[in-house]
1. B:G308: among the small types (G, A, S) and at pLDDT below 95, yes or no?
2. So B:P256 fits all but one of (1) more than 10 Å from chain A (Cβ to nearest Cβ); (2) surrounded by fewer than 19 Cβ atoms within 10 Å (Cβ to Cβ); what number is the exception?
3. Could you give me the residue pairs with C-beta distances under 9 Å whose first residue belongs to segment A:198-216 and is within 17 Å of A:V240 (Cβ to Cβ), whose second residue is assigned to a helix (DSSP H, G or I) and among the small types (G, A, S) wherever it lies, and which are 6+ apart or on separate chains?
4. Would you check if there is a residue in segment A:288-301 being buried (at least 23 other Cβ atoms within 10 Å of the Cβ) and either more than 21 Å from the chain's Cα centre (by Cα) or away from chain B (no Cβ under 11 Å) (or both)?
5. For segment B:43-54, does any single residue satisfy the condition of being surrounded by fewer than 17 Cβ atoms within 10 Å (Cβ to Cβ) and more than 14 Å from every other protein chain (Cβ to nearest Cβ)?
6. So which residues in segment B:249-282 are in contact with a strand residue (DSSP E or B) (Cβ under 9 Å, 6 or more places away or on another chain) and among the charged types (D, E, K, R)?
7. Give me a count of the residues in segment A:66-81 that are among the aliphatic types (A, V, I, L, M), under 23 Å from A:A122 (Cβ atoms) and part of a loop (DSSP other than H, G, I, E, B).
8. Report, by residue number, each residue of segment A:259-287 that is of a type in the set (A, V, I, L, M), within 14 Å of chain B (Cβ to nearest Cβ) and crowded, with 16+ Cβ neighbours inside 10 Å.
2 protein chains.
Amino acid sequence: MPEMNRQWLLAARPQGLVKPSDFEFVETPMPAPEDGQVLVRNLYLSFDPAMRGWMEDRPSYVPPVQIGEPMRAGSIGQVIESRHPELKLGDFVQGTFGWQDYALAAPGLANPVPPGIPLTWAMGVVGVTGLTAYFGLLDLGKPKPGETVVVSGAAGATGSVAGQIAKLHDCRVVGIAGGAEKCAWLTREAGFDAAIDYKGERVRERLRELCPNGIDVYFDNVGGPILDDCLAQIAQNARVVLCGGISGYNESEPPPGPRNLMNLVIQRARMQGFIVLDYLPRFGEGVGKLLEWVRAGKLAHREDIQHGLENAPATFLRLFTGKNLGKQLLKIAEAPLGNEPQASEGS
Amino acid sequence: MPEMNRQWLLAARPQGLVKPSDFEFVETPMPAPEDGQVLVRNLYLSFDPAMRGWMEDRPSYVPPVQIGEPMRAGSIGQVIESRHPELKLGDFVQGTFGWQDYALAAPGLANPVPPGIPLTWAMGVVGVTGLTAYFGLLDLGKPKPGETVVVSGAAGATGSVAGQIAKLHDCRVVGIAGGAEKCAWLTREAGFDAAIDYKGERVRERLRELCPNGIDVYFDNVGGPILDDCLAQIAQNARVVLCGGISGYNESEPPPGPRNLMNLVIQRARMQGFIVLDYLPRFGEGVGKLLEWVRAGKLAHREDIQHGLENAPATFLRLFTGKNLGKQLLKIAEAPLGNEPQASEGS
């Protein structure tokens, strides 16, 4: 057991685009579990656009990360010391262990990873990002067979799953993503009917061509001008699912909203936001469905795995520069007690 | 029977604020009903912000008024010549007869006014404006006892009814209106718990003071900065009912939308537009309820009645300069065959 724990602390409230100096890399004494706690060796960190919001000092759905605290992040680790009967040495657990090598946890805050699948899937396609797509699309978007569904951030961890679930519900699906490579993946691997490269194409014109009868469901991960373009093309009784607004996350004040908001009136349409944590009681249902689809080869998914805790800030930045292809992860260690499940045929 | 019919035609697509020269006052030959038609003497014209949208040459929920056509408007008239057995001489009928002295109509486009109430009520508190408040607030807003409801355009024909229906459902109701006189009417006559004068007060700060637990339902008639102020203060699971956006109706391009849109995500809130015409099959239910409340003295309402067809454009402008107090009407004639119902005790 090492004597010290490496941690990335939040050092400053970011102004605009988050930068490495907003964090500080420190060594602190190894924590020791008390009765009822376990010590977890962090193995993988998850990177999600919503983390940018946690860094702001304002009321939100979770308290802000405080200056001097380890940066908060979803993660998966292995129990290496246990003072709780429910969690055993070598167990793989999921929690919000943050940007650090080691963390203390207790049952409820450290949950077993579903067995028989690669650990990384539990942070992506059958994890919170997949669940976000599942509940957002189905509960709020309510897609019906034959309807047209548009997804932005479509090559991302959540968008790609949302679009494929729409396909599984017999919808026509158009994805919006940045760059030819992402767009090619959408149509060739993920089964989208069409893709729009917002960096090289005029989104509003392309939507008019590709969605001549209007957009019935728009699953929005980006906000900003693309949300406005989609609102211009909504069909009657459309549902706009507000999942995120990454285009505005690094602005010092929120950018102006869409000019086409009145189309919600003319088209009798609905725009609705949600937080996936509210669906916690139904996570089992969602994980079950996602796992079934993944195992049946019906959900293409990609992971972008960077390496080394020292690279946490740089990995986080990849989200906002659009460098990641699929779920952004950082591997920070091999499982010290071994037995990490691997992807295998049939799983 | 006169030989000529006076009409206000749409002469030009308005640029910015609508102006008298966008219309042309003409005399055309008296129309003569064919078999199955009736000739209606227009008595009252209704003025509604939505009419501004009908003047734009763009797809919407109704076709645009064409240049050279009489300006479209809800109205009430008396049948003065009938070639249809269902409509008799002297009947009072409601329809979209437009800015003219006389119009041809047929059953389905000329509907009997509910008996026993002043004609003007059928255009306001128990007419389309009241129904807009009724269905928008109850079907989309779904107010629950004890919740906080905020209404903008609160002294207007729709807003004032929406706020009072919320009070009848045991909500705390805050109205936003322009000017001390309108605000005083809201709290003294219409039973609102509080009123904010957006012309003299800082709306966002006042909302924070008056709605410390957040806004559960926001019934929006105005859009623009006031919508943004309300979004800043929504409570978890809030419902934003988009009824109209008068603040932007006279802009040559739609103004930018609200910066606080992401609050819909953080607060898991919903924003929804509607068109009252979709509720046509339920108009009977709505009229029945509204009439019951009016007769029981539970719905304060005001009418702003101007006079003379020649003043139609100037009357329309009152809506956009905020001059009207309550439902804006224009009386253009006395009923030629008499018997116009009057307000009386108990009705």
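The values are calculated or read from the model by the stated rules, or taken from the named source; none is laboratory data. Because the structure is a prediction, the values reported are computed rather than measured. Backbone-built Cβ (ideal geometry, glycine too); neighbour counts: all protein chains shown.
1. On the way: among the small types (G, A, S): yes; at pLDDT below 95: no.
In short, no.
2. Only one criterion in (1) more than 10 Å from chain A (Cβ to nearest Cβ); (2) surrounded by fewer than 19 Cβ atoms within 10 Å (Cβ to Cβ) is unmet by B:P256, namely (1).
3. A:D216/A:G141
4. Keep residues of segment A:288-301 that are buried (at least 23 other Cβ atoms within 10 Å of the Cβ), which gives A:290, A:299.
Okay, now just the ones that are also either more than 21 Å from the chain's Cα centre (by Cα) or away from chain B (no Cβ under 11 Å) (or both), so A:290, A:299.
Yes, there is a match, as at least one residue in segment A:288-301 is buried (at least 23 other Cβ atoms within 10 Å of the Cβ) and either more than 21 Å from the chain's Cα centre (by Cα) or away from chain B (no Cβ under 11 Å) (or both).
5. Pass one, segment B:43-54, residues surrounded by fewer than 17 Cβ atoms within 10 Å (Cβ to Cβ): none.
Checked against the condition, which is being surrounded by fewer than 17 Cβ atoms within 10 Å (Cβ to Cβ) and more than 14 Å from every other protein chain (Cβ to nearest Cβ), segment B:43-54 yields no hits at all.
6. Kept after step one, since they are in contact with a strand residue (DSSP E or B) (Cβ under 9 Å, 6 or more places away or on another chain), are these residues of segment B:249-282: B:256-274.
The answer is B:R259, B:R268, B:R270.
7. So in segment A:66-81, the residues among the aliphatic types (A, V, I, L, M) come out as A:67, A:71, A:73, A:76, A:79-80.
Among the residues that remain, those that are also under 23 Å from A:A122 (Cβ atoms) are: A:71, A:73, A:76, A:79-80.
Filter once more, so that each one left must be part of a loop (DSSP other than H, G, I, E, B): A:71, A:73.
Qualifying residue count, segment A:66-81: 2.
8. Restricting attention to segment A:259-287, the residues satisfying the condition of being of a type in the set (A, V, I, L, M) are A:261-262, A:264-266, A:269, A:271, A:275-277, A:280, A:287.
Subsequent filtering for residues that are within 14 Å of chain B (Cβ to nearest Cβ) retains A:261-262, A:264-266, A:269, A:271, A:275-277, A:280.
Passing the criteria: A:L261, A:M262, A:L264, A:V265, A:I266, A:A269, A:M271, A:I275, A:V276.
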